[in-house]
Amino acid sequence: MSKITTARLLTMKQEQQKIAMITAYDASFATLFEQAGAHALLIGDSLGMVLQGESSTLKVTVEDMAYHTRCVANGCEKALIVADLPFMSYSNPEQACANAATLMRAGAHMVKMEGGDWLAGTITQLTRQGIPVCGHLGLTPQSVHVFGGFKLQGRAAEQAAQIKHDAQALEAAGAQLLVLECVPSGLAKDISRMLNIPVIGIGAGPDTDGQVLVMQDALGLTSGYVPKFTKNFLAEHGQVQAAIAAYVTDVAEGRFPGPEHSFN
Ligand code: KIV
């Protein structure tokens, strides 16, 4: 695999090659995932739940994110490294720039932020200063208490229209990638076609430009509730690298996600 850049992801969309992203939080898994062919590694603030055992992502700090970003960056050479800006770390452009700089210095190539058109000014400011941005719409876990739970977003026509509007606003502001989480497949398909930038889905059906999974879900390292949109690739493949290679291939060949992992 050659080095993955934002330009390469754009070309992949244009050439209709699917992008496979997975979360990673340390060097060992980052190395295995990159060797398995993952194009992008996300240091997600999901680490608050899957590593720290919290019930939401809200307690994750910029320091937590910088620590795990540095660990991942030390384990990989070619994958694009995307790091989440955690809850309330990007409330205004100045705060966002300072915290994004911390993550970029830790080894990120791009930062991800949850939210709609209100982030436009911040995104423009970040990109002008050399920091690529990935947007995140749909079920944005930092707003779990506004949503009243981890729920599908965008089923009602008005909500779907708002998400489409936000997606366009983020692209116009300079975002170079967009994650769409837990939205109906049809809405994700429309947005993926409407935008020039790549759209990465999770619980967003098969018609986005790529997929992302939380590594614990892809490896079956979960207890209790297992979200509908995930798949345990380790169960069939026995070894971590083989499991993630199967995930990458299944995404590339349109076998994952299937209808059983998607919402209408
Ligand atoms: O924090 C995270 O892992 C994420 C993914 C679920 C997209 O944002």
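Quick notes
- Residue satisfying all of: in the range 136-151; buried (at least 18 other Cβ atoms within 10 Å of the Cβ) and of a type in the set (A, V, I, L, M, F, W, C); nearest to the ligand (Cβ to nearest atom) among these: L139
- None of L32, L51 is out of contact with any Leu (no Cβ under 7 Å at 6 or more places or on another chain), within 16 Å of the ligand (Cβ to nearest atom) and aliphatic (A, V, I, L, M) except L51.
- M12 being within 12 Å of the ligand (Cβ to nearest atom) and either aromatic (F, W, Y) or not in a loop (DSSP other than H, G, I, E, B) (or both): no
- Residue in the range 156-164 that is of a type in the set (G, A, S), touching a Gly at 6+ places or on another chain (Cβ under 9 Å) and within 16 Å of the ligand (Cβ to nearest atom) present: no
- Residue in the range 79-86 that is among the charged types (D, E, K, R), part of a helix (DSSP H, G or I) and either within 16 Å of the ligand (Cβ to nearest atom) or surrounded by fewer than 16 Cβ atoms within 10 Å (Cβ to Cβ) (or both) present: no
- Count of the range 95-133 residues which are in contact with a helix residue (DSSP H, G or I) (Cβ under 9 Å, 6 or more places away or on another chain) and either within 14 Å of the ligand (Cβ to nearest atom) or not in a helix (DSSP H, G or I) (or both): 16
Laboratory data are not the source of any read-out in this text; all were calculated from the coordinates shown. For clarity, every value in this text was computed on a predicted model and none was experimentally measured. With ideal geometry, Cβ positions are generated from the backbone for all residues, glycine too; neighbour counts draw on all protein chains shown.
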